[in-house]
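Asker: One structure, as structure tokens, below. Some questions next.
The values are calculated or read from the model by the stated rules, or taken from the named source; none is laboratory data. Bear in mind the structure is a predicted one, so any value in this text is a computation, not a measurement. All Cβ positions, even for glycine, are placed from backbone atoms using ideal geometry, and neighbour counts span all protein chains on display. Heads up: the accessible areas ignore ligands, DNA and RNA and are worked out on the full protein's heavy atoms, side chains in. Shrake-Rupley method; radii C 1.70, N 1.55, O 1.52, S 1.80 Å.
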Amino acid sequence: MKGNLINQLCKDDPGKSVVLQGNIAFAVGCVRAGIHCVDGYPGTPSTEVIDRGLSPVQDLIKVGWSVNEAVAVATAFGNTMAGEDAVVTLKIPGLYQAGDVFTSAALIRETRGALIYYVASDFTPSSTQHVIDPRYLFKSSMVPVLEPRNHQEMHEAPAIAVEIGRKYKTPVVILASGALCHSEGLLSLAEIKTRKPVEVPENLRNFNVLPVIARKNYDHAVEVRMPELSKLVEESPLNEWTKGSGKKGVITYGANTIYVKEVRELYGADFDLLTLGYSNPLPLNLIRDFCDSIDGDIYVFEDGYQYLQEELERMGKKAIGKERYSKLTEWSPSLVAEAMGYEVKYNKTGMEPVLRPPMICPGCPYRLFALQVAAMKKSGRLKAVFGDIGCNALLYFMDAMDTGLAMGASDANRQGYVISKPEMAAKCVSIIGDSTECHSGMDATRNAVFRNIPGVKIVLDNFTTAMTGGQPSPTTSKNYAGEETKYSLVDALKGNGTKVITVDAFDKKGIRNAFREALKDAENNEFVTMVVEGSCIKKVPNAKKGNRITIDPDVCQRCDKCQMCPGTERFGEDTPNFNNLCSGCGGVNPACLQMCPFKAMSLTEEADMGKNKGAKVSFSEPPVIEEVKVDKATIPERLSLAVRGVGGQGTLFFGRVMTEMAFLAGYEKDNIVKGETHGMAQMGGPVISTFSCGSVHSPVLYPGSADALIVMETSEVLRPGFLELLRPDGMILLSNTQIVPTIIKAEEYPAMDAIENVIKDYNIIKIDALKTALEIGDPTGRIANVVLMGALSKLAPFDNFPVNVWLQALAKVSPNPQIWAGNYAAFQAGRELA
């Protein structure tokens with residue numbers, strides 16, 4: 001989100017209605033609550049709080065990234081000892097990484113600023129390595145836990161938490177569901193508050209965890225803090241009891257509340273509903289009263305493990321929830337409905353969708369390295385590759401990585417393996433990214449030197465924290481405040497006592513030679529670190545991107561050695577070509593050119609790079625869009641759609657325009673929600689974005705509720721659970737765009753006639769959005785999503801909205817005049833197609 005918009009949101013009048021992503025709602029809430037500091041480490045699904053929400057307003061709040069979560073928590077605790085209120089943003093694995101500091105700080109009871117943990121959950125998981133429920137840790141740490149149920153509560157949570165933290169002298173956890181973090185919803189801006197720092201005694205000697213002090217703190221938490229917090233939650237207005245006939249009851253908390261409300265509204269169901277604002281401590285008296293008021297079954301819906309369900313059983317109350325050993329960790333509206341005995345209709349396509357594992361980006365500096373590793377594994381030169389967390393984890397799908405455990409664990413895994421199998425020292429390697437090496441991997445580097453464990457550790461240095469969007473790390477040239485970074489990764493490694501070999505990530509021969517040298521050292525019982533350097537393609541200026549290669553069809557042998565990147569493709573007996581995904585490897589020596597064994601490829605002279613997709617494309621300046629008012633009587637009471645595509649096609653942008661349009665159309669008096677897929681699915685994997693407005697609650701659509709399905713990549717219509725979202729009278733807007741993943745051959749892609757046979761009984765409108773985008777002058781084809789949007793605006797029931805409302809929304813979310821001009825042209829082209 002643009003910085004001036006965030007700044008405005010932080011200063012706008014209270015009560016103003018806006019549609020915000022959950023993470024942004026929380027970020028703006030931090031500023032409006034008067035919180036002084038926010039720290040963290042990038043981790044999906046929490047990253048946007050700092051990255052998009054607070055980075056533009058560093059004049060209003062102190063904010064920054066630390067090298068890992070433990071450091072972030074300790075830094076924030078230092079803020080509170082100075083009297084300031086501080087927030088730490090984490091994902092659940094990051095919480096456990098900071099576990100020592102978290103638990104040690106939990107029971108300290110001295111006067112200080114509030115310490116608030118914003119812990120974003122991912123119980124699917126979409127981009128997290130496990131689904132371990134942290135509520136048991138929170139309970140035993142005796143810290144209060146707020147669980148927002150909607151976007152309004154995400155926004156208001158910082159102000160509530162800071163009051164609790166100050167009054168009860170306790171850290172506060174805000175456990176936010178990933179379903180809310182990455183969806184958008186309607187909310188009213190909170191009051192703006194300013195807070196003076198707390199006056200902390202100059203003598204800080206009680207901020208200590210020596211055993212004698214720790215024991216007193218624990219006893220105080222048991223005898224004073226928890227009884228006071230229990231009284232707070234019992235009387236809290238955040239608990240909501242909606243009464244029905246008393247024949248059936250539901251108890252829930254967090255994001256599951258909106259799923260339950262969606263089911264109740266869709267079915268007109270009769271049940272009493274108790275939703276809780278806090279999951280620790282629980283309002284046990286209120287829960288007991290609720291259970292005693294119900295004559296029939298009581299259902300419990302919670303994500304994670306069975307925290308609340310077990311508490312009910314401890315109280316002697318029977319509840320229907322999960323089986324003792326249930327695989328279910330995250331509910332949806334359809335799963336809630338099924339659990340309560342309502343019929344849910346599912347549609348099976350009978351065809352398997354295209355396998356789309358997340359892949360590294362076209363132009364990624366890891367590609368040549370990964371191909372070398374895969375070749376060495378195939379030849380038997382390497383027997384095992386120990387991997388880590390981050391973009392390097394995607395090398396698993398290139399057969400260039402085997403294991404993956406936790407942040408910073410790769411070389412420690414390798415060391416243990418070599419200790420047990422010394423003969424493998426020169427036959428295995430570990431891989432880690434630069435930001436992860438700085439996060440926690442350097443500990444293992446020191447350990448290998450300290451314990452004289454031979455072998456090869458490889459650091460893939462792309463100068464950023466790439467997997468979460470390119471946040472600065474110690475290896476980035478500038479830190480979060482824009483200051484020059486003085487840190488040198490290579491010097492730090494050498495300072496730990498390891499030999500360091502550096503190599504250019506876009507030098508195929510250099511990588512091979514570096515491997516030979518490193519493995520030779522390992523054979524001689526040495527420990528060596530190999531640093532492969534190349535900038536993340538996302539951080540390369542657009543002007544340096546674009547295809548710069550010509551192929552001689554007479555020399556090309558169609559060997560497909562160049563078909564190792566999503567930016568290249570070949571069909572039938574044709575010579576390879578470069579599609580709209582090609583980045584030209586960001587202006588350096590292209591990887592595909594180095595892969596060609598017949599020298600059929602050559603670099604184009606710079607003067608002939610007329611089709612460089614990084615070059616500016618000129619579109620005619622759009623006319624001024626006149627504002628129009630929408631008659632609510634002419635638009636549906638409820639409207640929803642789902643957009644499917646492949647990461648990078650702009651499904652999320654499509655949904656963003658829809659939410660803005662709904663807001664302009666007057667749905668801000670009802671509700672507007674948008675859901676989306678984040679994390680690893682963005683890297684060429686399947687992505688879905690959902691949108692609903694009117695009488696709606698959930699960002700997760702219920703089967704049979706969508707008015708339209710938008711399909712940006714043809715085969716994605718086959719993705720399980722997608723077709724069943726469509727209403728019986730709904731339509732499918734299908735783009736004739738096929739993206740073949742590099743892991744399959746073109747002939748393995750589903751035949752078009754087979755796909756059409758699956759969907760023949762549906763109302764289908766088929767257009768070639770990508771071809772249209774290219775024809776109107778966009779060499780990237782990235783405005784194909786807007787072509788589809790234009791087509792949708794001509795189709796019922798979406799044609800009820802005046803075209804100017806669509807254009808106002810599109811203009812508002814277009815980040816600059818050039819992009820707005822291209823989007824305008826694409827929208828109008830889509831309308832002509834429809």
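Asker: Report whether or not residue 417 is over 29 Å from residue 719 (Cα atoms), surrounded by fewer than 22 Cβ atoms within 10 Å (Cβ to Cβ) and of a type in the set (Phe, Trp, Tyr).
Answerer: yes
Asker: What's the number of the condition residue 305 fails, among (1) of a type in the set (Phe, Trp, Tyr); (2) surrounded by fewer than 21 Cβ atoms within 10 Å (Cβ to Cβ); (3) more than 23 Å from residue 182 (Cα to Cα)?
Answerer: Every listed condition holds for residue 305 apart from (3).
Asker: In the list 443, 411, which residue meets the criterion of being in contact (Cβ under 8 Å) with a residue 24 or more places away in the chain, of a type in the set (Asp, Glu) and open to solvent by 20 Å² or more (accessible area, probe 1.4 Å)? Give the steps one after another, and end with the answer.
Answerer: Values: 411 fails: open to solvent by 20 Å² or more (accessible area, probe 1.4 Å).
After applying the criteria, what remains is 443.
Asker: Mind checking whether some residue in segment 385-399 is outside any helix (DSSP H, G or I), touching a residue at least 40 places away in the same chain (Cβ under 8 Å), open to solvent by less than 10 Å² (accessible area, probe 1.4 Å) and of a type outside the set (D, E, K, R)?
Answerer: Of segment 385-399, the ones outside any helix (DSSP H, G or I) are 385-390, 399.
Applying the additional criterion that residues be touching a residue at least 40 places away in the same chain (Cβ under 8 Å) yields 385-390.
Now narrow it down to the ones that are open to solvent by less than 10 Å² (accessible area, probe 1.4 Å): 385, 387-388.
Now drop any that are not of a type outside the set (D, E, K, R), which leaves 385, 387.
There is at least one residue in segment 385-399 that is outside any helix (DSSP H, G or I), touching a residue at least 40 places away in the same chain (Cβ under 8 Å), open to solvent by less than 10 Å² (accessible area, probe 1.4 Å) and of a type outside the set (D, E, K, R).
Asker: Here's something else I'd like to know. Among the strands (runs of 3 or more DSSP E) confined wholly to segment 1-72, which include 2 or more residues that are in contact with a helix residue (DSSP H, G or I) (Cβ under 6 Å, 6 or more places away or on another chain) and at pLDDT 95 or above?
Answerer: 37-40
Asker: Right, another one. Specify which of the listed residues (798, 722) is surrounded by 16 or more Cβ atoms within 10 Å (Cβ to Cβ) and either over 26 Å from the mean Cα position of the chain (by Cα) or farther than 18 Å from residue 349 by Cα (or both).
Answerer: 798
Results for (1) among the hydrophobic types (A, V, I, L, M, F, W, C); (2) out of contact with any strand residue (DSSP E or B) (no Cβ under 8 Å at 6 or more places or on another chain); (3) open to solvent by 30 Å² or more (accessible area, probe 1.4 Å), shown as yes or no for each residue.
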| position | (1), (2), (3) |
| --- | --- |
| 685 | no, no, no |
| 700 | yes, no, yes |
| 707 | no, no, no |
| 727 | no, no, yes |
| 745 | no, yes, yes |
| 762 | no, no, yes |
| 778 | no, yes, no |
| 788 | yes, no, no |
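Asker: If you don't mind, there's one more thing I want to ask. Would you please list the contacts, defined by Cβ atoms under 6 Å and residues six or more apart or on different chains, that run from a residue in segment 309-324 that is free of Cβ contacts under 8 Å to residues at least 40 places away in the same chain to a residue that is hydroxyl-bearing (Ser, Thr, Tyr) and surrounded by 14 or more Cβ atoms within 10 Å (Cβ to Cβ)?
Answerer: Hits for this filter: 320/299.
Asker: Report, by residue number, each residue of segment 173-223 that is open to solvent by less than 40 Å² (accessible area, probe 1.4 Å) and either among the acidic types (Asp, Glu) or free of Cβ contacts under 8 Å to residues at least 24 places away in the same chain (or both).
Answerer: The answer is 184, 213.
Residues checked against (1) touching a Lys or Arg at 6+ places or on another chain (Cβ under 6 Å); (2) more than 16 Å from residue 280 (Cβ to Cβ); (3) hydrophobic (A, V, I, L, M, F, W, C):
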residue	(1), (2), (3)
136	no, no, no
157	no, no, yes
175	no, no, yes
179	no, yes, yes
193	no, yes, no
202	no, yes, no
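Asker: Can you tell me which of 277, 296, 254 is of a type in the set (Gly, Ala, Ser) and over 30 Å from residue 37 (Cβ atoms)?
Answerer: 296
Asker: Name the residues in segment 73-93 that are part of a loop (DSSP other than H, G, I, E, B) and buried (at least 24 other Cβ atoms within 10 Å of the Cβ), would you?
Answerer: 85
Asker: Given the conditions (1) touching a residue at least 60 places away in the same chain (Cβ under 8 Å); (2) among the hydroxyl-bearing types (Ser, Thr, Tyr); (3) out of contact with any helix residue (DSSP H, G or I) (no Cβ under 6 Å at 6 or more places or on another chain); (4) surrounded by fewer than 24 Cβ atoms within 10 Å (Cβ to Cβ), report the number of the one that residue 140 does not fulfil.
Answerer: Result: residue 140 passes all but (1).
Asker: Can you name the helices (runs of 4 or more DSSP H) wholly within segment 162-246 that have at least 1 residues being of a type in the set (D, E, K, R)?
Answerer: Where helices (runs of 4 or more DSSP H) fall fully within segment 162-246 and carry at least 1 residues being of a type in the set (D, E, K, R), they are 211-220, 226-234.
Asker: Which is in a strand (DSSP E or B) and at pLDDT 95 or above, of 96, 118, 136?
Answerer: 118
Asker: Hey, among 342, 325, which residue is of a type outside the set (D, E, K, R) and open to solvent by 70 Å² or more (accessible area, probe 1.4 Å)?
Answerer: After ruling out the rest, the residue left standing is 325.
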